[in-house]
Every structure is written in structure tokens, then in C-alpha cells.
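Participant: Quick one: the structure is below, questions incoming.
Taken together, the values in this text are just the output of simple stated rules run on the coordinates, not laboratory data. None of these values were measured; they are calculated from a predicted model. Positions of Cβ are generated from backbone atoms using ideal geometry, with glycine treated the same way; all protein chains shown enter the neighbour counts.
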Amino acid sequence: MTAESRPAGDDPRRLLSDVRELAGRVRRDQRLTHVALLVLAAVTFVAIPFDWLFMQVDCDGSGCVFARRGLLYYWPPALLIAYAAIAVRYVRAARARGLGARVLPYAITGAATAVVFTAAYTAAAAYFPTHPPFDGGPLPFWWFALDRLIAPWGLIGLALLVLARLERNVALLLFALGYLALVVLVLPTTDGMNLPGWAVPSFLSGTEMQIRLSMTPSQLIIGAVLLAGGIAFAKVRRGQR
Amino acid sequence: MTADADTPDPSAHPVTGLDEVVHQRVRLGILAITHEARRVEFGYLRTQLDLTAGNLSKHLSVLETAGLIDVEKGYEGRRGRTWITLTTAGSHALAEEIKRLKLLITQIETTRTPEE
């Protein structure tokens, strides 16, 4: 662009394409996708010991009952702190570049997910012990999918969809959809994953320990996926600058 | 012509509805960046539009006089900074300009002769 005025009859296609190009450049400069993903990866990894330590497992002759209290103690404040940290980082980085930030709706969505999770977890813990779903019979797959969607890892994916929309970031949209498919349809995030005997060290044997251990692989995989995504988006950003 | 363009008359050629204040390339660029950024600093605009400070100031002054942007001057530490935000009229004017440009492109494409 030049500083001089051009005739009003300037090529409209070129004008429109300039407008789109400039808007696209601003969007790219405002993005800090890798920071969001790296913070969420860190939060996911830190959750693992909380889940392990605060899980209540009661076993008797008829079987075992477990309650993941660590999820309730850890995730609501962790989500609130994580989304606040992400928002502050976005605003500071944008300001340093001379831009406003578009992160507020994402941070609000993130905070809302903390509330949704807390409400769903508390309601389920109060209601289902006396009213087992489907009369205690086998649960359909959609039930598991819904359960995984309103767990912290599913809610992280939903909030990422909001971020993708705000940033008009197609790569993040694809990442978020893939991530959601993984945590809702593939990984048994809420019901545990049985590990083969050879993968379990002898000091972790025993039914109670097996139950605690069964919740860890899913969280490790989710943390690794978020971490890999964060690193990939950081590399792409570095390449663009 | 004012920034608050009226609804275009469908029978009129779209070029008659173009606002000279907004249609100028640099000013259109300023509005586009400010709309996308919500709030933009003078230095960012200068870099992105590849303008001298004097030229950018002139264009900003035209837009501010037309009521399309707000200019806010302040300090960050010892460094003076100028922030630009789009007014509601500016947002409306930008949307109107883009609508008219699209209309113009459609009109050009539909009235093209086969020889072209």
C-alpha cells in the first residue's frame, strides 16, 4: 500500500483481497495457540498424582467401588487458574505487538467448563449411588461418551473449539476435533484402561493399585497429545515470523 | 457522502454508494486492521501498511474527523503510545464498503461480454 490516495475506481477485487490479507495478518499476530495447549498439557500432567492420591477405593468380596475425588479437588480450581493464565498471556502478548486480544470469550468458556464439571460431578455423586442409571444394567456407549465429554479432558476440547472459532484457526479446529474424537470416543478417560501384566511393576500389583493405575494411561496420552500440539503450533508460529 | 451510508438503492450502480473516506486504500486498510484487532497501536499500523508516521497521521486524522475511529494517546512507562479503536460508525462504514465492493465485483462479472 502507498500513502497516496488512489482513484475511487480502484480495482474492487484488489481492495477486497487487501482487506482479507490484512485481517489475516492481524489474526496470525494475535494467535498464541501454543501457549494455551502447553498450559493445558501441564495442567493435565499435574492432575495425575492428584487423581492417584485422592482416589477412594473400597474392595470387598463382591468387588471394588472407586470414587475419583481428586478430580473434584483438583480440576475446578486448576481450570480456572489455567484459563486466567492463558488470558493474561494472550492479552500481554497482543499488547506488546500493538494489538487488542480476542481471548476473553475463550477464558469465559473455560471458566464455565469448570462450573459445568463441578455441577455434573457433584450431582452424579449425589444421585447415582441410590439411582443407578439403566437400573444397574449395561450402559450404552453414548452414556460413556457423554460422561467423557463432561469430564475435564472433554471440556478442554470443547473450549478449544471456541478458541479455534475466535482465532478463525482451521488448524486448531482440526486439532480440537481430532482431540475430542480421541478423548470421547477412543480413550476410556472415566472408566479406566487395563494394562497388560508385563507393563505393571511388581510393587504396583494388587486390585486397589490396579484400579488407581488404570486411570493413568489415558491422562498421560491426553497430556502428550496437548503437549505435541503445543510444540507443533509453536514451531509453525516461529516459522511464520 | 457520509460515513453512515444509507441502504443502497438496488437500481443504482454500486459505485455511486462508495464512501470516499472509506474507499481510499490506506484508510480501508486502517479500518480493516482496527476491526480485526479491536484495538491497534500506531506503530503496528505503520509497519503493516508500510507508511511514514506523517502519512499515517494524516489518514488517521481524516478517519477521526469522520467519526470512524477513536484515537487515544497515553504512556507505557516513558514511551508514548497511540491506540486506535473503531467506532460503531466505523464498523458500519467498513461493513458497508465491503458489501458495496462485493456488489461491484458481482456486477462487473455479470455484465462481462463474451469477447472479454
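Residues are listed down the side, and each one gets a yes or a no for (1) under 23 Å from residue B:89 (Cβ atoms); (2) buried (at least 19 other Cβ atoms within 10 Å of the Cβ):
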position: B:38; (1), (2): yes, no
position: B:43; (1), (2): no, no
position: B:46; (1), (2): no, no
position: B:49; (1), (2): yes, yes
position: B:57; (1), (2): yes, no
position: B:61; (1), (2): yes, no
position: B:64; (1), (2): yes, no
position: B:70; (1), (2): yes, no
position: B:73; (1), (2): yes, no
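Participant: Would you please list the contacts, defined by Cβ atoms under 6 Å and residues six or more apart or on different chains, that run from a residue in region B:29-51 that is more than 7 Å from every other protein chain (Cβ to nearest Cβ) to a residue that is surrounded by fewer than 19 Cβ atoms within 10 Å (Cβ to Cβ)?
Facilitator: From region B:29-51, the pairs are B:42/B:82.
Table: residues versus (1) without any contact (Cβ under 8 Å) to a residue 12 or more places away in the chain; (2) assigned to a strand (DSSP E or B); (3) over 14 Å from the mean Cα position of the chain (by Cα); (4) surrounded by fewer than 19 Cβ atoms within 10 Å (Cβ to Cβ).
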{"position": "A:74", "(1), (2), (3), (4)": "no, no, yes, no"}
{"position": "A:78", "(1), (2), (3), (4)": "no, no, no, no"}
{"position": "A:82", "(1), (2), (3), (4)": "no, no, no, no"}
{"position": "A:91", "(1), (2), (3), (4)": "no, no, yes, yes"}
{"position": "A:101", "(1), (2), (3), (4)": "no, no, yes, no"}
{"position": "A:107", "(1), (2), (3), (4)": "no, no, no, no"}
{"position": "A:111", "(1), (2), (3), (4)": "no, no, no, yes"}
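Participant: Cβ-Cβ under 7 Å, sequence separation 6+ or interchain: first residue in region A:208-233 and crowded, with 18+ Cβ neighbours inside 10 Å, partner of a type in the set (Val, Ile, Thr) and in a helix (DSSP H, G or I). Which pairs?
Facilitator: A:219/A:44; A:219/A:48; A:222/A:44; A:222/A:183; A:223/A:44; A:226/A:44; A:233/A:33
Participant: Right, next: From the list A:164, A:181, A:171, A:176, pick out the single residue that is touching a residue at least 24 places away in the same chain (Cβ under 8 Å), small (Gly, Ala, Ser), over 22 Å from residue A:59 (Cβ atoms) and assigned to a helix (DSSP H, G or I). If you could, list the steps in order and put the result at the bottom.
Facilitator: Details: A:164 fails: touching a residue at least 24 places away in the same chain (Cβ under 8 Å); A:181 fails: touching a residue at least 24 places away in the same chain (Cβ under 8 Å); A:176 fails: touching a residue at least 24 places away in the same chain (Cβ under 8 Å).
Matching residue, one of A:164, A:181, A:171, A:176: A:171.
Participant: Looking only at region A:15-47, count every residue that is surrounded by fewer than 17 Cβ atoms within 10 Å (Cβ to Cβ) and away from chain B (no Cβ under 14 Å) and tell me the total.
Facilitator: 2
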